Amino acid sequence: MASEETEGAGRRPRRRPDPRRSHKAALTIAQDIVDDITRDDLEPGSMLPGEREMLERFGAGRGTLRESLRFLEMTGAITLKPGPRGGPVVAEQDGQDLAWVLGLFMQLRGVPFGAVVAARETLEPELAGLAAERATAEDHARIRDTIDGMRAFLDDEQNFLAENDRFHSAVAAASGNDLFALVISSLHTITDGVPLGLDYSRPRRENVVKSHTAIAEAIEAGDAEGARWAMRKHLRPFRTRIEADFPTVMDKQLRWRDIVP
């Protein structure tokens, strides 16, 4: 029997990241700015202090501060308004910002398109079931509003698809966890079929409205299993269509540039 001393021989130690490791000054300043935004409950569109005030507060060089602001801009936390009265502005974060980060790591890890489709097929039915159990009257109204929006834009593909995204985010949010809404929104951004060449004809849009209505009715009735079944039924045609029209896409590795042109 191998001794305890030799059992681990040749095995590379795996350690959890050390949370105490030193940060670049620019990252520390970025974290302080985010703390300010959340502590003061600043709404999207709120102006942050100007460069001079931030330089005095953080005691940093101009280059370090600008690196911090560029990092926050790239991650979607702020926008930088140009001009004499410009400066950093709190941005409205959404699923596209999370997709931006996920897309980077997915390409580096070689994640295929099909893995994201599978993630949606696993998550969304369960979230619909949770929504049936937990949704409030406000959630029901928000979900119904997206369906009304899709009906209003049956002849306007871009706005129709925007309302479609809102529906899936609203169902996820109705599950009682805002993180789910953010994740589902980001997965929709990544699996958006439009760049692949998918078209959404008027009959297809009408079928989507019918599917969404069935899901909404199950949620409103508190029928968790019915909501799960309706969501699975709704998602199935997307995979079928991708596999039929774009047979190589499911195994194709995602590229960051395809998610964030």
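The values are calculated or read from the model by the stated rules, or taken from the named source; none is laboratory data. Being a predicted model, the structure only gives us computed values, none of them experimental. Every residue, glycine as well, gets a Cβ built from its backbone with ideal geometry; the counts of neighbours run over all protein chains shown. Please note that ligands, DNA and RNA were not included when accessible areas were found on the heavy atoms of the full protein model with its side chains. Shrake-Rupley method; radii C 1.70, N 1.55, O 1.52, S 1.80 Å.
Things to note:
- GNM top mover of ALA244, ALA30, ALA218 - the chain, alpha-carbon springs below 10 Å: ALA244
- One chain, two ends: ASP258 and ARG151. Fully extended at 0.36 nm per residue, the span grows by 35.6 nm beyond their Cα-Cα distance.
- Sequence-ordered 3J(HN,Hα) estimates for the stretch 101-118 from the Karplus curve with 6.51, -1.76 and 1.60 and θ = phi - 60° stand at 6, 4, x, 4, 6, 5, 5, 5, 9, x, 6, x, 4, x, 5, 6, 4, 5 Hz, glycine and proline given as x.
- For the chain, the mean residue ellipticity at 222 nm estimated from helices alone is -21000 deg cm²/dmol, where every DSSP H run of n ≥ 4 contributes -39500 (n - 2.57) and the total is divided by all residues, rounded to the nearest 500.
- Accessible surface, per residue, of the chain when the full set of protein chains is kept, probe 1.4 Å, Å²: 61 Å²
- For the stretch 17-106: rounded, prolate or oblate by the Cα gyration tensor [a/c cutoff 1.5]: oblate
- Note on LEU55 and ARG204: with the Förster distance fixed at 51 Å, the Cβ-Cβ geometry gives a FRET efficiency of about 0.40.
- Inter-label distance for LEU42 and ASP251, nm, one decimal - labels placed 7 Å from Cα along Cα-to-Cβ: 4.9 nm
- Each Lys and Arg contributes +1 and each Asp and Glu -1, all at the Cβ; summed about the Cα centre of the stretch 31-120, the dipole is approximately 420 debye.
- For the pair GLU217 and ASN159, a Förster radius of 30 Å applied to the C-beta separation gives a FRET efficiency near 0.80, rounded to the nearest 0.05.
- Cβ charges +1 (Lys, Arg) and -1 (Asp, Glu), total dipole of the chain, debye: 1020 debye
- Two-site FRET efficiency, GLU225 against ALA141, from Cβ-Cβ distance with R₀ of 30 Å, rounded to 0.05: 0.80
- The alpha-carbon atoms of the chain define a convex hull whose volume equals 220 cubic angstrom per residue.
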